[in-house]
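The values are calculated or read from the model by the stated rules, or taken from the named source; none is laboratory data. Since we're looking at a predicted model, the values are computed, not measured. Quick reminder, even Gly has a Cβ in these numbers, built from the backbone with ideal geometry, and neighbours come from all protein chains shown.
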Amino acid sequence: MILDGKNLSNKIKEDIKLKIKSYLIKPTLSVIQIGDDEASNIYINSKRKACEEVGINFIHEKFNENTLEQEIINKIIEFNNDNYVNGILIQLPIPKKFDTYKLLNLINKNKDVDGLTDINMGLLFKDNNNLIPCTPHGIIKLLEEYNIDLVGKHAVVVGKSNLVGKPMTILLLQKGATVTVCHSKTKDLGNFTKQADILISAVGKKNLITKDMVKENAVVVDVGMNRVDGKLYGDVDYENVKDIASYITPVPGGVGPMTVAMLLSNVLKNYEKNL
Ligand code: NAP
């Protein structure tokens with residue numbers, strides 16, 4: 001059965017839109033982009049479109065690669081101090097000459113709608129969630145929508161990035177799963193993935209997860225986004241794995257739309273806190 005992220009994200013967006021309709025002042029999301037990364041341009045456009053759909057104001061501040069760091073810092077401070085800005089995000093990755101860690105941590109923790117500042121990451125580790133990173137949060141919402149119980153289940157997360165793998169692991173632990181985390185140094189990946197009741201792949205390699213690496217009736221969540229010849233693929237060999245999985249996310253139409261829906265929901269969450 002397909003875990004339809006597109007459908008659920010539409011429902012979430014509809015709820016958000018209805019709420020925003022009743023507000024006189026609309027929430028605002030400010031996106032900072034540095035450089036002209038092609039994938040970033042695509043992601044920012046889909047965020048803009050989603051904001052427009054639900055009635056969130058969208059500010060896009062695009063800096064070229066030669067901008068002085070101080071100019072970007074000034075912009076983050078300006079957004080932090082602007083009471084009309086409810087969410088700030090820096091579209092990643094940014095050019096290597098900039099310090100991602102430093103810039104991210106300048107964002108006010110209540111406006112950090114990607115949930116990537118040290119404070120919000122730390123709160124997540126203490127089960128005291130403030131703003132949760134959008135992709136793992138969206139995955140949990142999707143599993144909940146299909147009544148997939150995580151308590152006592154063996155979840156295997158492939159990938160341990162700060163953006164996806166690590167916060168995913170924490171959320172699964174919070175939900176009562178037993179979690180194994182795999183990464184590029186894991187020996188015999190298939191040995192671990194084959195034991196998963198819930199398998200989540202967040203790597204960025206087409207066809208990394210093949211049928212022989214998946215247990216019968218496993219729930220398979222594919223976070224990967226790999227563009228090959230203009231077409232989007234996940235990490236999972238979908239055509240073959242779908243026959244043995246009990247549930248599976250398609251790419252596109254699975255995790256991606258949920259990520260955007262959670263971003264909108266984080267903007268609204270901070271806006272409503274300040275009503
Ligand atoms: P990342 O920072 O590059 O992390 C990739 C992770 O995969 C790392 O932990 C790496 O291990 C691990 N890895 C690499 N090769 C591996 C292998 N052969 N076997 C097992 N693990 C391996 O990427 P990310 O930001 O987490 O994103 C991962 C994928 O998800 C990308 O395709 C990205 O585009 C996609 N993504 C999708 C969404 C969405 O909304 N659908 C959101 C975010 C990201 P090490 O740590 O040991 O290097």
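One table, with the values for the structure above:
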read-out	value
Pair list, Cβ under 6 Å, 6 or more apart: segment 24-35 residue more than 19 Å from Pro95 (Cα to Cα) and surrounded by fewer than 19 Cβ atoms within 10 Å (Cβ to Cβ), other residue of a type outside the set (Ser, Thr, Tyr) and modelled with pLDDT of 95 or more	Lys26/Gly55; Lys26/Asn57
Tally of residues being touching a Lys or Arg at 6+ places or on another chain (Cβ under 8 Å) and either more than 9 Å from the ligand (Cβ to nearest atom) or among the hydroxyl-bearing types (Ser, Thr, Tyr) (or both) across segment 233-261	9
Residues located in segment 135-153, provided they are in contact with a strand residue (DSSP E or B) (Cβ under 9 Å, 6 or more places away or on another chain) and touching a residue at least 60 places away in the same chain (Cβ under 8 Å)	Ile139, Leu142, Leu143, Tyr146, Ile148
Segment 182-193, subset surrounded by 16 or more Cβ atoms within 10 Å (Cβ to Cβ) and more than 9 Å from the ligand (Cβ to nearest atom), residue farthest from Tyr247 (Cα to Cα)	Phe192
Residue count for segment 145-170, restricted to those that are assigned to a helix (DSSP H, G or I) and under 21 Å from Lys185 (Cβ atoms)	6
Subset tally (residues that are farther than 25 Å from Gly256 by Cα and near the ligand (Cβ under 9 Å from one of its atoms)) for segment 151-167	0
Flag if Asn86 is under 24 Å from Thr259 (Cβ atoms) and at pLDDT 95 or above	yes
Filter result for Glu239 (under 30 Å from Ile44 (Cβ atoms), at pLDDT 95 or above and of a type in the set (D, E, K, R))	no
Selection status of Gly159, buried (at least 19 other Cβ atoms within 10 Å of the Cβ) and touching a Gly at 6+ places or on another chain (Cβ under 8 Å)	yes
Count of residues meeting criterion [within 11 Å of the ligand (Cβ to nearest atom) and not polar (S, T, N, Q)] in segment 194-212	8
Number of the exception - Glu14 against (1) within 19 Å of Asn274 (Cα to Cα); (2) free of Cβ contacts under 8 Å to residues at least 60 places away in the same chain; (3) part of a helix (DSSP H, G or I)	(1)
Failed criterion for Val203 (all others in (1) loosely packed, with under 15 Cβ neighbours inside 10 Å; (2) under 30 Å from Leu123 (Cβ atoms) hold)	(1)
Criterion violated by Ile170 - all others in (1) within 14 Å of the ligand (Cβ to nearest atom); (2) free of Cβ contacts under 8 Å to residues at least 60 places away in the same chain; (3) of a type outside the set (Gly, Ala, Ser) satisfied	(1)
